[in-house]
Amino acid sequence: MLRWAAAAGLLDSAANALFLAAAGRGHLSVVAAIAALYPASTVLLALAVDRERLRPVQLAGLGFAAGALVLASV
């Protein structure tokens, strides 16, 4: 359990540093769209770590969110 907490802390610190770097360079419009999808990473971790099951509508939602991110960043 301590390993997961340490990994989460390191990844959170890296995410904050990368967000600040992107905001400083003026790419906030793209970064804000990506940051809005943070719940998707929680769902993907639940799939990988806890072996959670998703309903087809939930998988479709993840797919649509990823597609919307690609369309918004172009």
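Counting only heavy atoms of protein chains, what accessible area per residue, in Å², does the range 35-74 have with a probe of 1.4 Å?
Details: 3250 Å² over 40 residues.
So the range 35-74 comes to 81 Å² accessible per residue, rounded to a whole number.
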So the compactness index of the range 13-74, its C-alpha Rg divided by 2.2 N^0.38 Å, takes the value 1.30
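Over the chain, with every protein chain in place, what whole percent of the accessible area is carbon and sulfur at 1.4 Å, could you tell me? Spell out each step's value before the answer.
Numbers: 4320 of 6160 Å².
On the chain, the fraction of accessible area on carbon and sulfur atoms equals 70 percent.
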Three semi-axes of the equivalent ellipsoid, the range 1-43, Cα gyration tensor, whole Å, largest first:
23, 14, 4
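The values are calculated or read from the model by the stated rules, or taken from the named source; none is laboratory data. What you see is a predicted model; the values in this text were computed from it and never measured. Keep in mind that these areas ignore ligands, DNA and RNA; they rest on the heavy atoms of the full protein, side chains included. Shrake-Rupley method; radii C 1.70, N 1.55, O 1.52, S 1.80 Å.
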